[in-house]
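Below is one structure, written out as structure tokens; the observations come after it.
The values are calculated or read from the model by the stated rules, or taken from the named source; none is laboratory data. Worth saying up front: this structure is predicted, and the values here are computed from it rather than measured. Quick reminder, even Gly has a Cβ in these numbers, built from the backbone with ideal geometry, and neighbours come from all protein chains shown.
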Amino acid sequence: MVFSSHIFLFWFLPLALLLYYAAPKRSRLLVLTLESYLFYAWWNPWFTILMLLSTAADYVLGALIVREGATERQRKAALAASVCSNLAFLGFFKYALFFSENFGKVASAFGLGAVEMPAFLGQIVLPVGISFYTFQSMSYAIDLYRGHAERARSFVDFACYVSMYPQLVAGPIVRYATVAEQLRERVHSLEGFVAGFTRFNHGFAKKILLANPMGRIADLAFEAGSLSAPLAWTGILAYAFQIYFDFSAYSDMAVGLGRMMGFRFPENFNSPYRSTSLTEFWRRWHISLSSFLRDYLYIPLGGNRLGPVRTYANLLLVMLIGGLWHGAQWTFVLWGGLHGLVLALERWGKRRLPFPVPRPVGWIATTLVVLSGWVFFRSPDFGSALGYFAALFGNGGDPASAKVLAAVVFTPANLLQLTVCAAVAWFLPNSGQWLRRLDGWKVACGLVLLAISVRVMALQGFNPFLYFQF
């Protein structure tokens with residue numbers, strides 16, 4: 001079940017809200033938890049068992065970490081058990097096949113002969129959202145150990161925190177300390193409900209009216225056998241718009257749904273394509289992930305406290321791991337490596353250059369780096385990525401075939417949609433800024449956008465959420 005579907009919009013959400021508000025206040029978290037498990041079970045009921053096991057393990061281990069009288073050794077052992085169990089869950093379901101295949105290739109390269117992998121590895125199904133909820137659950141134990149959070153009041157509180165359906169399968173990654181007080185007591189008001197519903201409507205429209213059309217253009221370009229340079233640049237620009245509007249739309253809807261039930265989730269995007277450096281880009285893009293990697297990986301590795309060389313190495317390592325987090329493919333590792341190298345280069349340049357980089361130059365350079373990274377991110381393998389880079393510079397195959405594709409891509413409707421996406425991404429206020437102060441006109445605008453989007457959604461055959469695969 002996805003947010004941009006009739007079954008969620010007209011069946012699940014109305015019934016879920018009705019049951020939530022009809023329940024006594026002391027029972028609302030339990031109702032929300034059961035609704036979240038039902039929402040998650042829609043993909044595969046067996047996935048709920050894995051999430052429940054992860055939740056129960058971290059709840060018990062969290063209790064051991066803060067248990068009165070626990071020694072430091074016991075606390076560290078409980079923390080290690082939490083981190084290792086979460087990483088084991090994630091590693092098995094997401095990376096077992098990837099590492100097994102590459103181990104076989106390395107063994108063959110060193111003359112050790114063919115290594116036959118267990119057949120079941122090829123049949124592993126990746127549970128939706130496992131990268132998000134394992135990070136949330138693991139961060140609870142880490143924050144308890146650090147003294148940055150208090151123990152959950154009850155198992156229901158913690159289970160609700162881990163499974164809450166608005167942000168369960170694609171974030172934002174919410175830390176327990178952020179919502180601990182809200183789990184105990186929230187303000188339910190008509191004003192908050194309307195604000196949340198309006199935020200949801202704008203996110204829904206962003207998904208249907210902007211992300212999905214860009215996805216069709218991007219797929220045409222990346223799946224084409226021959227591309228001219230203008231087509232290749234249009235395709236990567238369309239993919240950049242697709243992934244931004246798709247993911248930020250989900251975050252908008254998650255924030256809106258949470259607000260409808262009295263929760264206030266953190267913002268996850270802040271107009272990242274306006275960044276004038278890659279460092280700034282990561283302060284604006286997928287904010288909850290970048291802050292998670294900073295606080296739980298970069299800083300523990302030493303951050304920038306151990307000298308410049310170690311700082312550069314830490315940046316590169318964190319981004320390589322961030323790339324691998326997105327998927328078990330070398331293209332994601334290359335994407336992370338590119339970002340890590342440029343982040344290190346920016347840090348070096350900040351120390352060495354005698355003058356600041358002009359903002360227009362910084363914006364152009366950052367945009368080119370981000371677009372180049374999206375080529376790796378979108379391509380199924382390294383060879384395809386190299387072929388796409390060749391097309392960007394005019395070596396894209398048969399010109400006759402490219403002309404046929406150009407007639408499909410460069411239609412007035414597609415060019416208008418690309419222009420609208422560029423205006424929204426680069427010049428207009430983002431959803432959080434636009435809806436910071438709510439008035440009747442913005443509420444009405446949201447309702448109109450919802451009505452148009454529902455009508456368009458009925459005609460669309462292309463409606464994926466990209467980050468569900470991560």
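Tell me which residues, restricted to region 229-256, are surrounded by fewer than 22 Cβ atoms within 10 Å (Cβ to Cβ) and farther than 22 Å from Ser271 by Cβ.
Scanning region 229-256 gives Ala229, Pro230.
For region 348-381, how many residues are among the aromatic types (Phe, Trp, Tyr) and touching a helix residue (DSSP H, G or I) at 6+ places or on another chain (Cβ under 6 Å)?
If we filter region 348-381 for residues that are among the aromatic types (Phe, Trp, Tyr), which is where we start, we get 348, 355, 363, 374, 376-377.
With the extra rule that they be touching a helix residue (DSSP H, G or I) at 6+ places or on another chain (Cβ under 6 Å), the set shrinks to 374, 376-377.
Selection size over region 348-381: 3.
Filter region 184-228 down to residues that are under 25 Å from the mean Cα position of the chain (by Cα) and among the charged types (D, E, K, R) and give me whichever is surrounded by the fewest Cβ atoms within 10 Å (Cβ to Cβ).
Only one residue tops the list, namely Glu223.
Kindly list the number of the only condition in (1) within 20 Å of Trp348 (Cα to Cα); (2) in a loop (DSSP other than H, G, I, E, B) that fails for Tyr312.
(2)
Can Ala96 be described as touching a Leu at 6+ places or on another chain (Cβ under 7 Å), at pLDDT below 85 and either part of a helix (DSSP H, G or I) or surrounded by 13 or more Cβ atoms within 10 Å (Cβ to Cβ) (or both)?
Numbers: touching a Leu at 6+ places or on another chain (Cβ under 7 Å): yes; at pLDDT below 85: yes; either part of a helix (DSSP H, G or I) or surrounded by 13 or more Cβ atoms within 10 Å (Cβ to Cβ) (or both): yes.
Judged against the criteria, Ala96 is a match.
Which of the residues that make up region 6-46 are in contact with a Phe, Trp or Tyr (Cβ under 6 Å, 6 or more places away or on another chain), among the hydrophobic types (A, V, I, L, M, F, W, C) and either surrounded by fewer than 13 Cβ atoms within 10 Å (Cβ to Cβ) or within 24 Å of Val125 (Cα to Cα) (or both)?
If the condition is that a residue be in contact with a Phe, Trp or Tyr (Cβ under 6 Å, 6 or more places away or on another chain), among the hydrophobic types (A, V, I, L, M, F, W, C) and either surrounded by fewer than 13 Cβ atoms within 10 Å (Cβ to Cβ) or within 24 Å of Val125 (Cα to Cα) (or both), then Phe39 is the only one that fits.
Can you find, within region 38-90, the residue that is farthest from Gln136 (Cα to Cα) among those that are of a type in the set (Ser, Thr, Tyr) and touching a residue at least 12 places away in the same chain (Cβ under 8 Å)? Lay out the reasoning, then the answer.
Let us first name the residues in region 38-90 that are of a type in the set (Ser, Thr, Tyr), namely 40, 48, 54-55, 59, 71, 82, 85.
Of the ones still in play, those that are also touching a residue at least 12 places away in the same chain (Cβ under 8 Å) are 40, 54-55, 59, 82, 85.
Numbers: Tyr40: 16, Ser54: 11, Thr55: 10, Tyr59: 12, Ser82: 12, Ser85: 13 Å.
This residue is Tyr40.
I'd like to verify a number: residues in region 309-319 that are within 17 Å of Leu289 (Cα to Cα) and buried (at least 20 other Cβ atoms within 10 Å of the Cβ), how many?
Let us first name the residues in region 309-319 that are within 17 Å of Leu289 (Cα to Cα), namely 314-319.
Then keep just the ones that are buried (at least 20 other Cβ atoms within 10 Å of the Cβ); that gives 314-315, 318-319.
Of the residues in that region, 4 qualify.
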